[in-house]
Amino acid sequence: MMRLKKTLLFFLGLTLLLMMTAACSGDKETTTVATTTKPATQATTAGTTTSTQTPATTMPGVTVESGTGQSGADIPDGYPADLFPIYKGSYITGVIATDGSYTIMAESKDDWANVAAFYKDVLKTAEVTSSMDTGSSFTSFGKIGAYTYNFDVSATDEPQMEGYETAIVIMLMP
């Protein structure tokens, strides 16, 4: 629980840092952050149609998107899914994409150990600098392809979506 809070705090801080960097770029220009909304996703249940909208915040070179409703956030264009795939059936809770760097936050209904085993297999081709495997989480840092990665999977008792028990965080930087 504390690990998830620290991870979420880190990403909040990263987002604020990116916003401050864009606003304080040395020029006296004002950077405007625009909020866009993806088209509504419609679902039909027993004759009732519901729709959800996922807000995405964008500024030059930066996209921040949060998952809402049942659809979750979209994986950004250019994300190297062939190199670092998203675990099957994951709900994408948040995405930060900036100039070829990607941070993906997701949750899975599967046990953390099964998700960790999947990613340990993915990381067989990586140059691992550091990794730690505890009784309820797996963290790894290193290089994979042209990216430096930071990865964490852990059990969570504070999921964003009911029935999801594993938190996944993937960071890729060129």
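Values as computed for the structure displayed
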item	result
From the options THR139, THR129, THR103, residue that is modelled with pLDDT of 95 or more, within 24 Å of GLU65 (Cα to Cα), outside any helix (DSSP H, G or I) and out of contact with any helix residue (DSSP H, G or I) (no Cβ under 7 Å at 6 or more places or on another chain)	THR139
Residues within the range 74-88 that are closer than 19 Å to ASP110 by Cβ and at pLDDT below 95, tallied	1
Options ALA113, ALA97, ALA117, ALA81; residue that is crowded, with 20+ Cβ neighbours inside 10 Å and aliphatic (A, V, I, L, M)	ALA97
Selection within the range 146-174 - assigned to a loop (DSSP other than H, G, I, E, B) and touching a helix residue (DSSP H, G or I) at 6+ places or on another chain (Cβ under 8 Å)	THR156, GLU158, GLU165
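The values are calculated or read from the model by the stated rules, or taken from the named source; none is laboratory data. For clarity, every value in this text was computed on a predicted model and none was experimentally measured. Note that we place each Cβ from the backbone using ideal geometry, even for glycine, and neighbour counts take in every protein chain shown.
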